[in-house]
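The values are calculated or read from the model by the stated rules, or taken from the named source; none is laboratory data. Bear in mind that the values here come from a model prediction, so they are computed numbers and not experimental data. For neighbour counting, all protein chains shown are included, and Cβ atoms are generated from backbone atoms with ideal geometry for every residue, glycine included.
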Amino acid sequence: MTAVDHPYADAKPSEPQSNEGLASAYLPGQASGKARIHQKDTDSSQETSTANAGHPSDTNGFAAQLSGIRFSYDGGKSWALNGIDLDIRVGERICLVGPNGSGKSTLARLVAGLAAPDDGSVILLGFNVFSSGTPHSDLYRKARRDIGAVFQNPADQIITTVVGDDVAFGPENLALDPKTITSRVDESLDAVDMKDFLLDDPSRMSGGQQQRIAIAGILAMHPKMIVLDEPTAMLDLEAQHDVLQVLDRLQQSGTTIVHVTHRPEELKAADRILSLENGKSIELSQTQAALKLSVTNADDTGMLKPDGVIIDENPGIPNSSVEKKPNHHKPIISKDSSTADLQKPSAQSDDSRSHQIRNQNKASQKPANGDPQHSTGEPAISFEHVSFRYPKSDIDTLHDFSMRVEQGEVVAIMGRNGTGKSTLTRLMTALSKPGSGTIKVAGIDLGSMSKRDKKTLRSSVGLVMQQPERQLFAETVRQDVAYGPSNQDLPQEAVDQRVDRALALLGISGLAERSPFSLSGGQQRLAAIAGIIACDPRILVLDEPTAGLDATASERIYALVRTLNAHGVTIVMITHSPRQARQLADRIITLGGPVQNDSGNSLNNGTGDDGNRNTCSRKTSQTGESARDGNATSGPLSRKHLPSREDPKTARQPSIIARLDPRMKLVVFLVLMFTSFMVSSLPQLGLTALMVIVLAAAAKLGPKRLFRSMRGFLILLLVMGVINMLFVRTGKPLVTFWNFPITDEGVMAAILYTCRFGLVILLGIILLQTTTPTALTDGFGSLLSPLRRFGLHTQELALVMSLALRFLPTLADEARNIIDAQAARGGSIETGSPAKRIKALVAIVVPIFAGALRHSDNVSLALDAQSYEEGIHRTHWHAMRISGKDIVFVILCALYLAVLLSLKTGILSVVRL
Amino acid sequence: MKETGLIMSDISDTQNQSDSHSRDKTQSTHSTGVADKGRWSTQRIAIYALFVALAMAASFIEFPIMPGVPWLKYDLSGIICLVAGFAFGPMAAFIVSVLSWIPHLFMNPWGAIMSIAVSVFLSVPAAMIYKRMRTRVGALVGILVGVVFGLIAAIGGNLLITPIYAHMTTVQVLKMVIPILLPFNLIKFAIHGVVTFLIYKPISNLLNR
C-alpha cells in the first residue's frame, strides 16, 4: 500500500502528519502485540516458532490461501463448507455470492481470521494460522491486526457514543500513540466523508452513516485486507452507493477486498466472483453471476430511485387476469405530475409538498368482493387531514394527510425511507396518536375510543411490524401463535382451531411443536405472521413483510395475502418492491415525504423504521433515520430520565469543568454529592447552593439547560416535599388539611430535604453534561485498575460499561416496539388480572432478551474485528493526565467541604436564621 | 416437579475449568484460540454489556405498585440480574447488579447504593444455588433464598437510607416495616420470582440454540 494513491491521500495535501501516521502504522502495533500476549497454547507454541518465519512481507503475493476447508455447525452431520480452496491475491477484489445458508458468511469469517475451520489449512497474510486441524492463536492474533471486517448490521458495530471515540477504538487496541490515533481518526473519517461528524452520536445516525463509521473504524487500523459481509444489506440505495464508493477507493489504493454480497450491481468492480453452493465454490464470470443473482433476487430488483422514479424492471406481470390500462400501467412517478393520474376520490393529495398519493389502477378483479372500489359501505380505514409529528422533531412526518381504504381492498403503500410509512401503520393500529385530524378504522374513531372500542380494534386489526420474528417468545410455535387468540377470551377449542388454521395458511403446521428460536430466519418470520393471522383480523397491516426473505418464503406471504383477501380481509401493505405492489395490490399509495430543510443536501438515506425521527441532529438533515432494526433511535422511553448529553456545539470550546481529568472529576463529584446529604440548616444549604452555582457557571451550563435536564426529577422532588411536610408533626401548626397539620418545622424539613436532594441531582447533571461516556468509562476503568491485582477485570468492566451505555437507548427502543407489537395482539401489562399481566410481561421480556443476545453476538464479532482482547496493552486516545487545574479544583472543593463541616460542627458560628 | 434437564451454559467464572459450553463461542470448536482460558472472551464482554444495558434500561422504568407509597417503586431490573445469574453464574449476577445501577449513582447516590445491595443480595445467592442444582427445583430454591436475602437487604437499607431523604428517625422508619416495607418488597420479589421462573425455559432455548 503506497501512501500516494491511498484513499486518504486525497484528503488534504497540507497534512504532513497524515503520511507520518501511515508510515508508522505497522511498527508499534506489531511490537506490542508480541510483547504483551502470554502464550498458553502449549500445543501451538512449537509450531509458532517455525511458522513465524512467514512474516507478513513474505506472502508470495497472496493475502489469503485456504485449502481443503471443511466447516460444520453440527459436529459433522452436515457441512456448511465442504472442501473449499480459495486463493486471494494481494490487492484483489473478490465477491462472494450464493443463496441464503450457502456458507458465504462462514467463509468470510474464516478469511477474516474470526473463526477457525474444522479441517483444512488457512494462511492469512503469510501467517500459517490453521494447519493440521489446529488453530494457532498467536498467529491468528497477528494476522487479525491487519485484517478488517465489516458486517451486515451497522448499528451493532458502533461501540460507543461519540464518532471519534468509536473510530479510535481499533487504533487504541493496536496501542498506537495518541498523536497517531488523532491522524488516523481524521484520515479515516475523511475517507468515508464523515469528517464533520467527529463529535456526534453515531447511535442516532442513519444506517448508511453508521456503516460508513464502522468502515472508518476499520480503515483507521490500516488493514491490508478488508472482509465485508453484506455491508449494504440494510441500507437504502443512496447509502449503498456511498459504501460502494468507499470500496472503490480502497481498491484503487491496493487494499485486498473480500466482499460478500447478493446485489448484482455490486459485482461490477470485482476482479473475481465466487459462488458458494452446497459447501463448494465455483468461480463465475460477471455475466453468469449477474444472471444468477437477478434470478434469485427477483424481488429486490425493482427499486425506488432517489428521484422518486420507480424503475419497472419486470413489466411482465404473471397474473394473466390483470386488466391492463396502458396509461396507468406505467408507474412513472415524478414529483410534480401530481394529480394527473389521480382518478379516485378515495385518494387525495391535500398537501403536495409533503405527500404524493398516486393511484395506479391494476388488478381490480376481486372474486370475493365484487368491485371494492365502488362499494358504498363504510371504508375500512379512513384518514382525514391527519398530521403527525414525532416529539423533538421540527417537521411533520405526515402533514394534512388523507386517504381511504375500502373494505376488501389490497392497498400497497410505497415511498422512500422517512416518508412516514411505518408511522402510518402505527396510526392505523392506534399505537400512535395523530397531532390533528381524524382516523377511523373498522368504524371506530381512534380519537375517541372507549376501552371496549380498543378491544374491538385490537381483535379486528392485525399488525405485522417490520421483522415480526423479533416478537417471538414462547416455548413452542403453537404457544406463540396462540397468544393473540387466547387474549381474546375465546374457549380453548376455538383458540386451537384458529392456531391450526393460521399455521396451515402459512404452511408451517409441521413446526408447531418446535421452539421458535430453533427455526431459520424465514420460518421464524412465517411463525410470527401466523401469530397475527390467528387473531383473525378483518384488516391486516403489513410493514415490509418480505424484506430479507428468500423467494420461497416470500411466495408463501404472497399466497397468504391473496387467500386472506379472497376471504374479504382488507390489506394494507408497505413495500419497497414495485413488483410486489403490482402483483398484489389494487391500488398503490406513494408517500412523498416530509418537507426537507433548505440545507437538506440529500434526502434521508437511512433505512427501515420509517420517519421515526426526522430531526435528530441540528447539523444535518439526513440523520433522521435509524437502521432497519430500529436500533439507532431516540425514542421517548429511552431518554426519559437520562439527562441529555453535551451539545456538540458547546463541546467544541469545552468548559474548564469539561477539561478536568475524568478520574478527579468522578471522585470529587461523588464526594460532593454524598456530603450534600449532610446539609441540615439553611446556611449550610446556602453554601452548598453557592457551590453548585459556581460549578454550573464554570461548566458553562445555563439555568435553562439545567432545568431542562432536571425536569424528569421534579415530580419526585415534589412528592418528597409533600411527604416531609406531612410526616413532621412537631412545631407550630400553620394550616390543617383534614387531619394533617402542616407545621413550620414540616415546611422547613420539606424545603431542606427537597433542596438538598435537588442540589445532589444538579451535581450529577453537571458531571454528566461535561463528561463524555467514553471519558467516564475510561476514568472508571482507571480508578478501578488498582483492583486488577485482585483478579478483577478492570479494563473489561470499563468496556462493559461503555458498551452498556451505548446500547441502552437501542434496547429501550426495541423494548418499546415489542411492547407495542404484543399490545396489538391484545397483551397488556396495564389491564387485566395479575395472571394475565404476568403472561403479558413474559411475552415482552423474552423477545427483549432475544434481542440483547442477538446484539451481543454481533458486538463480540465487532470487538474481535477491531483486535480487542483482554489483557492487551491499549493506549487511550484521550490520555488522562492530572494537571494544575485539577489540583486547584480539588483544593477548592476541599475548602468548601471544610467550611461545610465547620458550619455543621458549630466551629464557625453563623447568625442563626 | 418435573426435571427439565435444563442446562444453561456457564461462562461466568473467570477461572472456569471445563463447563463452558456452546454459548462461549470463542472456546468452541471453531475457536481461533485468541481468547484463552482465564481471560474474558469478547463474547463474554458483549453478553455482560448487553445484560447490563438491559438492566439499566429496566431500572429507569419505575412505577409505584402500592397505593399510598409513591416513593417505593417497582422496576424490572432484578429479573435481568436473576436471569444473568442463572444463565452465566454468580459473577454475572454480581456484575450486572452493580454496573446497572451506576448511572443512578449520579442522580440518587444513596438510593443507587441501596438498589445495588438489594440486587446483589437477591441474585447472587440465587445464582450460587442454581449453579449447584441445575434443575427447576434448584431455580425455585435459588429464587426463594434470594428473596429472603433481598428482603433483609431491602429493609435494612431502608432503615439506614430513608432518614437521609425524609425527616424521619430510624424508629419512625421501623414502624413502617410491617405495614409498608415488607408488603412492598414481598410483592416486588414475588413478581420478580414468578416472571423469572416463567421466562427461564424459553430463554434457555435461546441460549442453547
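Do we have A:G462 as under 30 Å from the mean Cα position of the chain (by Cα), assigned to a strand (DSSP E or B) and not acidic (D, E) here?
In short, yes.
Would you please list the contacts, defined by Cβ atoms under 8 Å and residues six or more apart or on different chains, that run from a residue in segment A:754-776 that is facing another protein chain (nearest Cβ under 8 Å) and surrounded by 21 or more Cβ atoms within 10 Å (Cβ to Cβ) to a residue that is among the basic types (K, R) and assigned to a helix (DSSP H, G or I)?
Final answer for the pair search is A:L767/A:K665.
Do we have A:L784 as in a helix (DSSP H, G or I) and modelled with pLDDT of 90 or more here? Can you show your working first?
Numbers: in a helix (DSSP H, G or I): yes; modelled with pLDDT of 90 or more: no.
Judged against the criteria, A:L784 is not a match.
Among the residues of segment A:801-813, which ones are more than 7 Å from every other protein chain (Cβ to nearest Cβ) and over 17 Å from A:L784 (Cα atoms)?
A:L805, A:R806, A:P809, A:T810, A:D813
Please state which of the following conditions A:I907 fails to meet, knowing it meets all the rest: (1) surrounded by 15 or more Cβ atoms within 10 Å (Cβ to Cβ); (2) more than 9 Å from chain B (Cβ to nearest Cβ); (3) at pLDDT below 80.
(1)
Would you mind finding the one in A:R825, A:R854, A:R874 that is closer than 30 Å to A:G484 by Cα, in contact with a helix residue (DSSP H, G or I) (Cβ under 7 Å, 6 or more places away or on another chain) and of a type in the set (K, R)?
A:R825
Considering every residue within segment A:493-500, establish whether at least one is small (G, A, S) and at pLDDT below 90.
No, segment A:493-500 contains no residue that is small (G, A, S) and at pLDDT below 90.
When you scan segment A:177-201, how many residues do you find that are within 19 Å of A:A865 (Cα to Cα) and without any contact (Cβ under 8 Å) to a residue 60 or more places away in the chain? Steps first, please.
We begin by selecting, within segment A:177-201, every residue within 19 Å of A:A865 (Cα to Cα); these are A:181, A:184-185, A:188-189, A:192.
Next, from what is left, pick out any that are without any contact (Cβ under 8 Å) to a residue 60 or more places away in the chain: A:189, A:192.
Residues that pass the stated criteria total 2.
Identify the single condition in (1) under 21 Å from A:D813 (Cβ atoms); (2) assigned to a loop (DSSP other than H, G, I, E, B); (3) not basic (K, R) that A:D156 does not satisfy, given that it satisfies every other one.
Every listed condition holds for A:D156 apart from (2).
Which condition number in (1) among the β-branched types (V, I, T); (2) more than 7 Å from chain B (Cβ to nearest Cβ); (3) in contact with a helix residue (DSSP H, G or I) (Cβ under 8 Å, 6 or more places away or on another chain); (4) part of a helix (DSSP H, G or I) is the one that A:V888 fails?
Here A:V888 clears every test but (3).
Is one or more of the residues making up segment A:709-731 within 30 Å of B:Q43 (Cα to Cα), touching a Lys or Arg at 6+ places or on another chain (Cβ under 8 Å) and within 11 Å of chain B (Cβ to nearest Cβ)?
Within segment A:709-731 (the criterion being within 30 Å of B:Q43 (Cα to Cα), touching a Lys or Arg at 6+ places or on another chain (Cβ under 8 Å) and within 11 Å of chain B (Cβ to nearest Cβ)), the answer is no, since none of the residues qualifies.
Of the residues that make up segment A:126-134, is at least one under 33 Å from the mean Cα position of the chain (by Cα) and crowded, with 20+ Cβ neighbours inside 10 Å? Steps first, please.
Initially, segment A:126-134 is screened for residues under 33 Å from the mean Cα position of the chain (by Cα), giving none.
No; the residues of segment A:126-134 include none that is under 33 Å from the mean Cα position of the chain (by Cα) and crowded, with 20+ Cβ neighbours inside 10 Å.
From the list A:G408, A:G435, A:G420, which residue is at pLDDT below 90 and surrounded by 24 or more Cβ atoms within 10 Å (Cβ to Cβ)? Don't jump to the end; show me each part of the working.
Working: A:G408 fails: at pLDDT below 90; A:G435 fails: surrounded by 24 or more Cβ atoms within 10 Å (Cβ to Cβ).
Answer to the check: A:G420.
Exactly one of these conditions fails for B:I187: (1) farther than 26 Å from B:L50 by Cα; (2) within 11 Å of chain A (Cβ to nearest Cβ); (3) without any contact (Cβ under 8 Å) to a residue 24 or more places away in the chain. Give me its number.
(3)
Is it the case, given these coordinates, that A:G826 is surrounded by fewer than 22 Cβ atoms within 10 Å (Cβ to Cβ), of a type in the set (G, A, S) and touching a Lys or Arg at 6+ places or on another chain (Cβ under 6 Å)?
It is true that A:G826 is surrounded by fewer than 22 Cβ atoms within 10 Å (Cβ to Cβ), of a type in the set (G, A, S) and touching a Lys or Arg at 6+ places or on another chain (Cβ under 6 Å).
How many of the residues in segment A:230-245 are surrounded by 24 or more Cβ atoms within 10 Å (Cβ to Cβ) and either of a type in the set (A, V, I, L, M) or not in a loop (DSSP other than H, G, I, E, B) (or both)?
Applying the first criterion (surrounded by 24 or more Cβ atoms within 10 Å (Cβ to Cβ)) to segment A:230-245 yields A:231-232, A:234-236, A:239.
Still in the running and either of a type in the set (A, V, I, L, M) or not in a loop (DSSP other than H, G, I, E, B) (or both): A:234-235, A:239.
Here the count works out to 3.
For segment A:649-689, name all the residues that are charged (D, E, K, R) and farther than 16 Å from A:F780 by Cα. Quick ask: steps written out before the conclusion?
Let us first name the residues in segment A:649-689 that are charged (D, E, K, R), namely A:649, A:652, A:659, A:661, A:663, A:665.
Correct list: A:K649, A:R652, A:R659.
Is there a residue in segment A:552-565 that is without any contact (Cβ under 8 Å) to a residue 12 or more places away in the chain, out of contact with any helix residue (DSSP H, G or I) (no Cβ under 7 Å at 6 or more places or on another chain) and not small (G, A, S)? Before you say what the answer is, go through the steps one by one.
Here is the first cut: in segment A:552-565, the ones without any contact (Cβ under 8 Å) to a residue 12 or more places away in the chain are A:555, A:559.
If we keep only those that are out of contact with any helix residue (DSSP H, G or I) (no Cβ under 7 Å at 6 or more places or on another chain) too, we end up with A:555, A:559.
Still in the running and not small (G, A, S): A:555.
Checked against the condition, which is being without any contact (Cβ under 8 Å) to a residue 12 or more places away in the chain, out of contact with any helix residue (DSSP H, G or I) (no Cβ under 7 Å at 6 or more places or on another chain) and not small (G, A, S), segment A:552-565 yields at least one hit.
Working only within segment A:248-263, note down all residues that are buried (at least 22 other Cβ atoms within 10 Å of the Cβ) and over 24 Å from A:L549 (Cβ atoms).
Those that are buried (at least 22 other Cβ atoms within 10 Å of the Cβ) and over 24 Å from A:L549 (Cβ atoms): A:L250, A:T255, A:T256, A:I257, A:V258.
Out of the residues in segment A:423-432 that are outside any loop (DSSP other than H, G, I, E, B) and more than 13 Å from A:S402 (Cα to Cα), which is modelled with the lowest pLDDT?
Once the filter is applied, the top-ranked residue is A:T423.
Of all residues in segment B:191-209, which are in a helix (DSSP H, G or I) and touching a residue at least 40 places away in the same chain (Cβ under 8 Å)? Can you show your working first?
Of segment B:191-209, the ones in a helix (DSSP H, G or I) are B:191-207.
Passing the criteria: B:I191, B:H192, B:G193, B:V195, B:T196, B:F197, B:I199, B:Y200, B:K201, B:I203, B:S204, B:L207.
Hey, among A:A821, A:A798, which residue is surrounded by fewer than 23 Cβ atoms within 10 Å (Cβ to Cβ), of a type in the set (G, A, S) and more than 9 Å from every other protein chain (Cβ to nearest Cβ)?
None of the other options fit; the residue is A:A798.
Of everything in segment B:44-68, what is surrounded by fewer than 24 Cβ atoms within 10 Å (Cβ to Cβ) and at the interface with chain A (Cβ under 7 Å from one of its Cβ atoms)? Give them in sequence order.
Hit for segment B:44-68 is B:F60, nothing else.
For A:T810, are the conditions met, namely being modelled with pLDDT under 90, farther than 30 Å from A:Y483 by Cα and buried (at least 23 other Cβ atoms within 10 Å of the Cβ)?
no
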